[in-house]
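A short worksheet on the structure shown next.
The values are calculated or read from the model by the stated rules, or taken from the named source; none is laboratory data. Just so you know, these numbers come straight off a predicted model, no measurement behind them. In this analysis, Cβ positions are derived from the backbone assuming ideal geometry, glycine residues included, and neighbour counts consider all displayed protein chains. Just the protein is used for accessible areas: all its heavy atoms, side chains included, with ligands, DNA and RNA removed. Shrake-Rupley method; radii C 1.70, N 1.55, O 1.52, S 1.80 Å.
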Amino acid sequence: MKKKMNGYLIAGLIITCILAGLAILGNFYTPYDPTAMSGAAKFQGPSPAHIFGTDNFGRDIFSRVLKGSSTTVFIASCTVLIGAVAGTAVGAVTGYFGGVVDDILMRMNDALTAFPSILLALVVISILGPGSEINVILALGIVFIPSFARLTRTAFASIRDRNYIESARLMGASSARILLIHMLPNIWSVLLPAITIGFNNAVLAEASMSFLGIGVTPPDASLGYMLSEAQGMFARAPWYAVSTGLMIIMLVFGVGLIGEGLQRLGKDAEY
Amino acid sequence: MRKQVLAGLLVLGMAVTALSGCGKKAQTTETTAAASTEATAAASAAETQAASSASETEAASSAKTGRAATNEITVGIAQDLDESLDPHLAVAAGTREVMFNVFEGLVKPDPEGNLIPAVASDVEVSEDGLEYTFTLREGVKFHDGSPVEADDVIWSIKRNADDSEGEAMIPALTSISDITSEDNKIHITLSQANNEFLSYMTLAVLPSDYDGQDTAPIGTGPFKFVSRKAQDSIVLERFEDYWGEPAKLDRVTYKIIENSEGLIMGLQSGALDIVSHLGNTQTSQLSDADFHIEQGTMNLVQALYLNNAVAPFDDVRVRQALCYAVDKQGVIDLAFDGLGVPLGSSMYPAFGKYFDASLTDYYTYDPAKAKELLTEAGYPNGFDMTITVPKNYQPHLDTAQVVVEQLKAIGVNATIQPIEWTSWVSDVYMGRQFESTVVGVDASEMTASAMLKRFESTDSNNFINYNNADYDALYAKAQSTFDDAEQTEVFKAMERNLTENAANVYIQDMADLIAVRNGLEGVQFYPLYVLDVSGLYWAD
């Protein structure tokens, strides 16, 4: 493999590391209490004391962005974890065994994909009940399974009949061993970019759900919910929408770059 | 590859400038941009922004001339009306607010809160307060063209007084012992005098032989009902044969937009002409060039209503602790820019003589005292609670958020549960399945009972399950007291009872800001939660 500078990957990693660092920091430390209100500090523009300004309750927006990012990143990560693990499991089974199992599982998968994802998440939320982070994660996690299943199924199917798999099978390796030890490591180049794309979609999906009022509930902060709050005071505190929106864009942009970089890396590598 | 990274950063830069460059007009763009993918945001934000602001200005200018030219307006309202439009069955304040323009009673309230003759041209009351004689006004017609007859009036009153199937719709009317008519006179005899009786005669007069009130209501008001689309709109038209001064507008469309940003956008885009019940944060987004803001009071009691039947709110000390822990003025300052009148009981200032201002400061903000009371009640470390809030009402959501923050100081961990208005009505108000809720409660008539009766332990509207024997006794006493001054004192004692027992955490009567498109005049405030559109007109 030719050694080559991967600009996407590096830029993406830098941006993501900074933001992830901020998000993790937001869990432990924020300059101000993100829900503390102050009548004296309402609608202040960005200043050294409040670098992103304050909102209608005098809350420090930078603190809220930190806390909100950590909520959003946490939800997005868990969502992708659920989607990737369950989706890959489905993809592995269907891609490797084929046949009736494949038909049944993939048709169910198609049925899930037929719904717009937000609508599906809405349905799940209305069953589980709104207002809890766990439920948002579950709802989005379920929504994310089909795309992973479809993607990994193709990858598994394409290497199913490779010689080294045949050999492993002839040596009497169990299906589980073949799937986990021999096949899974060889589909990373497909899975990793998919995870980054999935993460981005999850960030945006969480943002949309909270924006619509079915995700995180006030006064908790998540980027999406903050954006919907910011919308109501755009005239008086434009810095709120701008800083929150920027945070979402940067987060998605950084992870997107990593995904792009990984994809290019994968193209160079052989499997 | 470097170039591509650069290009990527450029795209990002565009997205950022598009976002920060978005003026007030391009709000929609901003939100969709953030919620869609970064790529589309970057690619389309600039174009959409240009396109949307262009189309908006176009729409705004044409709408202005358009609706003013056809002499009609579109009113934005935050909630759909009750499922049935039958005025006798209406529950929601939002329904009464609209239907105030369609229905009238024998008498009706004027902007000062006095009762003025409507379907009746005159009323005489006997000295002992037991005999009422109404004279029907000549030439009053229903919207279907048929004249109002004494039978219709009697049927309407009897329908509200009927208690053969449980509680009567207006229980106070069960004191009617006899109604007779003679030509154009209607005699009502009461079994006991009631100072508030005349207020109940604001009940809508409906045709006795018509059974379509649920879907196509017919009344005698200045506007007649034309059509309704559930969750979308209600259309009213001027009633040409109105007995009084006819409405100035030809047509009024109520557009239901269940979120406050949507209402503001509707105003900005020219889709709406007038929206009431707005907050300062919202109205400040509107430009003076297009709108003027009228300020009154909402005429309702906004409070953190507590379900007195569930733990820990069944303990009076806990409720009192919450009252000490919530800083009303703080809520008003933080969430409402200081606009709003703090309240201490279930009565608002527009009620005049019934309002007891001394109750407002009964509980002064005192977290230490609150903590003491909680410890006494067995919750030294506070507790968890849920505040259910109808999410289409931003002011209530804002209040709830401040309350949550204030309660933290005494260790009470409150979470907000935003729900749909319809779920609020069915689960919280009807089903009483809630711990606490922030809403505003208003009066359907200008009577003290309209505010206070609901807390009588057996009342069907007692959604907070308030159960206080003294209160019930006071209410019974109020019903049998005929001296106006004496009765007023009893009502005040009831208010004091509510305050002392901390039935709810009373907060405020909110400022009512009405955004009105310039050129539209004639807004009048009532001491009730209504918007009278009959006086509105487009100035030249």
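Just a few scattered comments:
- Selection count, segment A:184-212, where residues are part of a helix (DSSP H, G or I) and either on the phi > 0 side of the Ramachandran plot or within 11 Å of chain B (Cβ to nearest Cβ) (or both): 12
- Residue list for segment B:321-339, filter: open to solvent by 40 Å² or more (accessible area, probe 1.4 Å), within 14 Å of A:Met37 (Cα to Cα) and part of a loop (DSSP other than H, G, I, E, B): B:Asp327, B:Asp337
- Residues of segment B:299-337 satisfying the condition of being of a type in the set (A, V, I, L, M), under 20 Å from the mean Cα position of the chain (by Cα) and within 14 Å of chain A (Cβ to nearest Cβ): B:Val331, B:Ile332, B:Ala335
- Odd one out for B:Pro342, checked against (1) more than 14 Å from chain A (Cβ to nearest Cβ); (2) more than 24 Å from B:Gly113 (Cβ to Cβ); (3) open to solvent by 10 Å² or more (accessible area, probe 1.4 Å): (2)
- Checking B:Ile116 against (1) exposed (fewer than 14 other Cβ atoms within 10 Å of the Cβ); (2) part of a loop (DSSP other than H, G, I, E, B); (3) of a type in the set (Val, Ile, Thr), the condition it does not meet: (2)
- Those residues of segment A:95-117 which are buried (at least 18 other Cβ atoms within 10 Å of the Cβ) and either under 21 Å from the mean Cα position of the chain (by Cα) or among the basic types (Lys, Arg) (or both), in sequence order: A:Asn109, A:Ser117
- Residues located in segment B:351-403, provided they are within 14 Å of chain A (Cβ to nearest Cβ), crowded, with 21+ Cβ neighbours inside 10 Å and either among the hydroxyl-bearing types (Ser, Thr, Tyr) or within 26 Å of B:Met446 (Cβ to Cβ) (or both): B:Thr388, B:Pro390, B:Tyr393, B:Pro395, B:His396, B:Thr399
- Considering residues of segment A:41-87 that are open to solvent by 40 Å² or more (accessible area, probe 1.4 Å) and assigned to a helix (DSSP H, G or I) only, the residue farthest from B:Glu405 (Cα to Cα): A:Val85
- Selected residue (only one of A:Ser38, A:Ser70 is at pLDDT 85 or above and hydroxyl-bearing (Ser, Thr, Tyr)): A:Ser70
- Of the residues making up segment A:224-242, those that are surrounded by 24 or more Cβ atoms within 10 Å (Cβ to Cβ), modelled with pLDDT of 85 or more and not hydrophobic (A, V, I, L, M, F, W, C) number 1.
- The single residue among B:His277, B:His292 that is touching a residue at least 60 places away in the same chain (Cβ under 8 Å), more than 20 Å from the chain's Cα centre (by Cα) and in a strand (DSSP E or B) turns out to be B:His292.
- Cβ-Cβ under 6 Å pairs, at least 6 apart or on other chains, segment A:28-44 side closer than 15 Å to B:Ile332 by Cβ, far side open to solvent by 40 Å² or more (accessible area, probe 1.4 Å): A:Gly39/B:Asp333
- The single residue among B:Glu237, B:Glu258 that is surrounded by fewer than 21 Cβ atoms within 10 Å (Cβ to Cβ), in contact with a Phe, Trp or Tyr (Cβ under 9 Å, 6 or more places away or on another chain) and within 14 Å of chain A (Cβ to nearest Cβ) turns out to be B:Glu258.
- Yes/no for B:Gly296 being within 14 Å of another protein chain (Cβ to nearest Cβ), closer than 24 Å to B:Asn392 by Cα, open to solvent by 10 Å² or more (accessible area, probe 1.4 Å) and small (Gly, Ala, Ser): no
- Selected residue (criterion: nearest to B:Leu397 (Cα to Cα)) from residues of segment B:280-290 that are in contact with a strand residue (DSSP E or B) (Cβ under 7 Å, 6 or more places away or on another chain) and open to solvent by less than 40 Å² (accessible area, probe 1.4 Å): B:Thr283
- Residue tally, condition closer than 22 Å to B:Pro395 by Cβ and either in contact with a Pro (Cβ under 9 Å, 6 or more places away or on another chain) or open to solvent by 20 Å² or more (accessible area, probe 1.4 Å) (or both), over segment B:491-523: 6
- Residue in segment B:427-448 that is assigned to a helix (DSSP H, G or I), farther than 19 Å from B:Lys492 by Cα and open to solvent by less than 40 Å² (accessible area, probe 1.4 Å) present: yes
- Scanning segment B:261-279 for residues that are over 26 Å from B:Thr95 (Cβ atoms) and open to solvent by less than 10 Å² (accessible area, probe 1.4 Å) returns a single hit, B:Gly270.
- Among (1) touching a residue at least 12 places away in the same chain (Cβ under 8 Å); (2) open to solvent by less than 10 Å² (accessible area, probe 1.4 Å); (3) not basic (Lys, Arg), the one test that B:Ser480 misses: (2)
- With respect to (1) of a type in the set (Gly, Ala, Ser); (2) modelled with pLDDT under 90; (3) closer than 19 Å to B:Gly440 by Cβ, the lone exception for B:Ser345 is condition (2).
- The combined condition, being open to solvent by 10 Å² or more (accessible area, probe 1.4 Å), out of contact with any strand residue (DSSP E or B) (no Cβ under 8 Å at 6 or more places or on another chain), at the interface with another protein chain (Cβ under 8 Å from one of its Cβ atoms) and touching a residue at least 12 places away in the same chain (Cβ under 8 Å), is not fulfilled by A:Gly266.
- Checked against (1) among the hydrophobic types (A, V, I, L, M, F, W, C); (2) within 18 Å of A:Thr79 (Cβ to Cβ); (3) assigned to a loop (DSSP other than H, G, I, E, B), A:Phe234 passes all but a single condition, namely (2).
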